[in-house]
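The structure under discussion appears below in the form of structure tokens.
Values in this text are rule-based calculations from the coordinates and carry no lab data. Everything quoted here is computed from the prediction, not taken from an experiment. As a convention, Cβ positions derive from the backbone with ideal geometry for all residues, glycine included, and neighbour counts pool all protein chains shown.
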Amino acid sequence: MRIDVLTLFPAMFQGPMTESMLWKARDRGLLDLRLHDIRDFCTDKHRAADDIPYGGGGGMIMKAEPVVGAVEHVLADAPPGTPVILMTPQGRVFSHRMAKELAAYPRLALVCGRYEGIDDRVRQLVITDEISIGDYVLTGGELAAIVVIDAVVRHIPGVLGACWAADEDSHADGILEGPHYTRPPVFRGLEVPSILQQGDHGKILRWRREQGLRRTWLNRPDLLLKADLTEDERYLLAQFAEEMIRARGR
Ligand code: 6GU
């Protein structure tokens, strides 16, 4: 997969893109990441990428011309239908499902907004999708783009080790993962749950699902509304609820 990133701050990608999984993906030829400096597409003599907003108000707005120029340069040899994604707090909130969908494309282009915004004609002319990574405001789209790239690249076949697939992650089926343990069996008086040590695979799977459900119930009850649960799992949830009510009564 090839990902083109359009940014005023290409150096922000140097660390994250040269470590760990992302570096391995690039090293193995599974990810072709290309950084483009939007400033290289400024045509005026001062190389200004931003200007004051029409209608007044604070802050600076990214100019349309260099961004559109950079996108057109990148798209010149891209297959038709290549997503051109604007990273913006006004976008659709990013999710596991979106990461998986984006991973199916041979190419992506990510446009990082900066300053207080970007001339809306960029969106009207060349943007196909707008993505936000959550309900808070970052100073620019760069960190959000790094998050999206990491989450997408994990879904490219061959990037993760053969024995654990991205389909087993928290969020893959709308339920969080339960706790994990490794050796030693006892650490500071805390013991690894005995079911995990005994090796009955059926029991372990059931225990993990139960723990994941409990965690979802406690930390992300909003996910349970959308989750596809079995009769058994609904029964477990009812039990958690009862437990909570009893604990509160004490
Ligand atoms: Cl994609 N950009 C900015 N500037 N802030 C954000 C964001 C993106 N997603 C959440 N906050």
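Just a few scattered comments:
- For segment 93-147, the spread of Cα positions along the three principal axes, ordered from largest to smallest, is 31, 26, 15 Å.
- Tail weight of P(r) past 17 Å, computed on alpha-carbon pairs of segment 130-185, percent: 58
- Taking the C-alpha atoms only, the angle from helix 142-153 to the longest principal axis of the chain is near 60 degrees.
- A straight chain from His73 to Thr230 at 0.36 nm per residue would run longer than the Cα-Cα distance by 51.5 nm.
- Segment 2-153: relative contact order as a whole-number percent, Cα under 8 Å and 6+ apart: 29
- Computed Kirkwood radius, in angstrom, where 1/r is averaged over Cα pairs of segment 99-243: 18.9
- Ordering 187-193, 89-95 by mean Cβ neighbour count within 10 Å, with the highest value first, yields 89-95, 187-193.
- Axis angle, to the nearest 10 degrees, between helix 231-249 and the longest C-alpha principal axis of the chain: 80 degrees.
- Each peptide in 98-104, 67-73 was scored by the mean count of other Cβ atoms within 10 Å over its residues; highest first, the order is 67-73, 98-104.
- Charging the Cβ of each Asp and Glu at -1 and of each Lys and Arg at +1, and nothing else, the dipole of the chain about its Cα centre rounds to 740 debye.
- In plain terms, the C-alpha convex hull of segment 186-249 casts an average shadow of 5.9 nm² when viewed from every direction.
- Here segment 73-161 carries DSSP beta bridges of which approximately 10% are antiparallel, counting only pairs with both residues inside.
- Rounded to 5, percent antiparallel among DSSP beta bridges of segment 2-153: 10
- Positive dipole terminus of the chain, leading residue within Ala144, Gly212, Pro106 (C-beta point charges): Gly212
- Tilt relative to the chain, helix 64-75 - C-alpha long axis, 0 to 90 degrees, to 10: 70
- Pairs of alpha carbons in the chain whose separation is greater than 33 Å (percent): 37
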